[in-house]
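The values are calculated or read from the model by the stated rules, or taken from the named source; none is laboratory data. Quick caveat, the model's predicted, so the values are computed rather than measured. Neighbour counts are summed over all protein chains in view; Cβ atoms, including those assigned to glycine, are modelled from backbone coordinates with ideal geometry.
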Amino acid sequence: MPINRICSFCFDDRDLQDWIVDADGLPGCDACKGNDAPTSKFSELCDYIESCLTKYWGSAVEQLPYITAEGGYQGTTWDTYDLLVDEIGLSLPRDSKDQLLRALLAQLTDDTWCEYDWGTLDRDVALEFSWQHFCETVKHKRRFFFHSDGIEDRDSFTPASLLREIAHISEEMGLIGEVSVDTMLWRARPDISKGAKATAACFGPPPVEYALQSNRMNPPGIPMLYLASSQKTALLETRAMHARMGKWSVARALRVLDLRRLPRVPGIFSGADRNYRLGLRFLHHFATDIMMPIERDQRVHVDYLPSQVVTEYLRDFVFETGRLDGIIYGSTVHPGGWNLALFADEVDLGLSAPKWGPCPDPWLRFIKSIRAHR
């Protein structure tokens, strides 16, 4: 019996399920014989699946050189079965006898598939390759004058163009947001002696002459203020058993790059724009890489260099809404917690007067100091 209508429960893929649900056909599936889910026309679903495949793979007949003496197509190829089952991993939970799979293969174009553009890398792969080259460059080759390093082509970005691309993709993905007024933030100081007076300045950014430590977002000599979303997160980030805690309240909205807000990467069958999906795949890779826990040993200053360079670039980049005040990232030691690297100095917090001009409105208000322990 031919399959005219197909139900959403015949697929494990969430995007295909949603597409069928949106079609909102009456229950009654010709494949599984179930009456427990919405259906769509099978031919229309197959047309949609094929349109998704052509976003990410090309036709070998149209793209690849074919040399009989060298084994045929000069590149990686898949038939439609291999593409659906092996490469994509399409799962058909109710298709115990492969009836639906055979019907899909019969309905879809019988083609030999190849890479989308066999002569160049996909956008996410090119970006990841360029990111690895960038990390290698700033760690082991050139630390300061690297902007002209490398060659710009379809498969790679120079360090300078990669930084621009990271900024543009972040904005495109909606990662530029705000920390709202009255948000409470914490800083832990395990090094304040018991009984010593703790003032707001104790929980602000270190003075330049004391900014000697290399951190995730800043190199020695360039102070930043690291704050946490909760008391517990702040304490765990110090790896200490007890500390003095400074509580701050946001006094004006802070413009931030929010790496917590990365949307999930859409699936092949989501209908998402190809460039959007591939750019987001890279951004997930990039965010995971720069947030990776790093041991505080003699190599820490080297391993932090890529994130420090990116931060310095983003700090001065003019986004559509203006320059950033900081970067938010998830805590690696407290799931659910997050940290804020704030590009604020003592003047920005009202802890000291500027060398010239009027005092700016402070970014934060100091609330109190307390003792905390695990």
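Which residues, counting only those in the stretch 126-141, are touching a residue at least 24 places away in the same chain (Cβ under 8 Å) and of a type in the set (Ser, Thr, Tyr)?
Of everything in the stretch 126-141, just one residue is touching a residue at least 24 places away in the same chain (Cβ under 8 Å) and of a type in the set (Ser, Thr, Tyr), namely 130.
Taking the condition in contact with a Phe, Trp or Tyr (Cβ under 8 Å, 6 or more places away or on another chain) and at pLDDT 95 or above, does residue 86 pass?
When the stated conditions are applied, residue 86 passes them.
Tell me yes or no: at least one residue of the stretch 67-86 is among the aliphatic types (A, V, I, L, M), crowded, with 16+ Cβ neighbours inside 10 Å and touching a Leu at 6+ places or on another chain (Cβ under 6 Å).
yes
For the stretch 273-374, please list each of the helices (runs of 4 or more DSSP H) lying entirely inside it that holds at least 2 residues being without any contact (Cβ under 8 Å) to a residue 60 or more places away in the chain.
Those helices (runs of 4 or more DSSP H) span 274-290, 305-316.
Using the structure shown, decide if residue 371 is of a type in the set (Lys, Arg) and either touching a Leu at 6+ places or on another chain (Cβ under 7 Å) or farther than 27 Å from residue 184 by Cα (or both).
No: the conditions fail for residue 371.
Confirm whether residue 92 is of a type outside the set (Asp, Glu) and within 21 Å of residue 12 (Cβ to Cβ).
yes
Can you say whether residue 101 is out of contact with any strand residue (DSSP E or B) (no Cβ under 8 Å at 6 or more places or on another chain), outside any strand (DSSP E or B) and not hydroxyl-bearing (Ser, Thr, Tyr), as far as the supplied structure shows?
yes
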